[in-house]
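Heads up: the structure comes next, in structure tokens.
The values are calculated or read from the model by the stated rules, or taken from the named source; none is laboratory data. The model shown is predicted, which means the values in this text are computed figures rather than measured ones. Using ideal geometry, Cβ is built from the backbone for each residue, glycine included, and neighbour counts are taken over all protein chains shown.
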Amino acid sequence: DGGITQSPKYLFRKEGQNVTLSCEQNLNHDAMYWYRQDPGQGLRLIYYSQIVNDFQKGDIAEGYSVSREKKESFPLTVTSAQKNPTAFYLCASSTAGLPHFGDGTRLSIL
Amino acid sequence: AQSVTQPDIHITVSEGASLELRCNYSYGATPYLFWYVQSPGQGLQLLLKYFSGDTLVQGIKGFEAEFKRSQSSFNLRKPSVHWSDAAEYFCAVRSSNTGNQFYFGTGTSLTVIP
């Protein structure tokens, strides 16, 4: 079945470490997005990519980095510069203006 | 700047009662509007969308929403709520003049009392 796969479902990070969250889609969508979700704050856009080898910062890009080397993949790296990384991270892809979401990755700090 | 407001943080209804969740948006052109539902620890599932045409749209699970341009609103309704409807609900708008970004409201948490 077509869809968006985020892995892992749960991720733990030690202080000072970078971690990478995976997002893969087999929907042949051009656009992909990363959102951060915190209680009471809804979804906030971290980065988005409209096409391979191109991406733009969203509203809260500081402390994060992304790459888009393949259409199917849009990994998010949470760097040590992100001081409060504990959150639920959602990846999405879209075509014809309709976003589809993965099941999310919950990142926690040890 | 585009924005989406969901004024109700939390709503409690009795099973079988009707439901209306409010959503207001700020956007210059005709927006693309969405309602999503999220169960704990899960991703977002699309309930319904409005792109153009009939302003009353039907979605899955018996939900409907009405686009009112004059009020900049896109409220979600259900005539009779089931216990399984308890979840977090998000309204979203798509912007065509900022790289097709999607803007989300802060969500409304729905509790259903038996």
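Scan B:E88, B:E66 and give me the residue that is outside any loop (DSSP other than H, G, I, E, B), of a type outside the set (V, I, T), more than 10 Å from chain A (Cβ to nearest Cβ) and farther than 16 Å from B:S3 by Cα.
B:E66
When you go through (1) within 14 Å of chain B (Cβ to nearest Cβ); (2) under 30 Å from B:D8 (Cβ atoms); (3) surrounded by 15 or more Cβ atoms within 10 Å (Cβ to Cβ) one by one for A:F55, which number turns out not to apply?
(2)
Residue by residue through region B:50-59, note down the ones that are of a type outside the set (V, I, T) and modelled with pLDDT under 95.
Across region B:50-59, the qualifying residues are B:Y50, B:F51, B:S52, B:G53, B:D54.
Can you tell me which residues in region B:52-100 are free of Cβ contacts under 8 Å to residues at least 40 places away in the same chain and within 30 Å of A:Q56 (Cα to Cα)?
Answer for region B:52-100, where residues must be free of Cβ contacts under 8 Å to residues at least 40 places away in the same chain and within 30 Å of A:Q56 (Cα to Cα): B:S52, B:G99, B:N100.
Restricting to region A:58-108, name every residue that is exposed (fewer than 14 other Cβ atoms within 10 Å of the Cβ), over 14 Å from the mean Cα position of the chain (by Cα) and more than 14 Å from every other protein chain (Cβ to nearest Cβ).
Those that are exposed (fewer than 14 other Cβ atoms within 10 Å of the Cβ), over 14 Å from the mean Cα position of the chain (by Cα) and more than 14 Å from every other protein chain (Cβ to nearest Cβ): A:E69, A:K70, A:A81, A:K83, A:N84.
Consider region A:29-51. How many of its residues are touching a strand residue (DSSP E or B) at 6+ places or on another chain (Cβ under 7 Å) and either β-branched (V, I, T) or not in a loop (DSSP other than H, G, I, E, B) (or both)?
Qualifying residue count for the region: 15.
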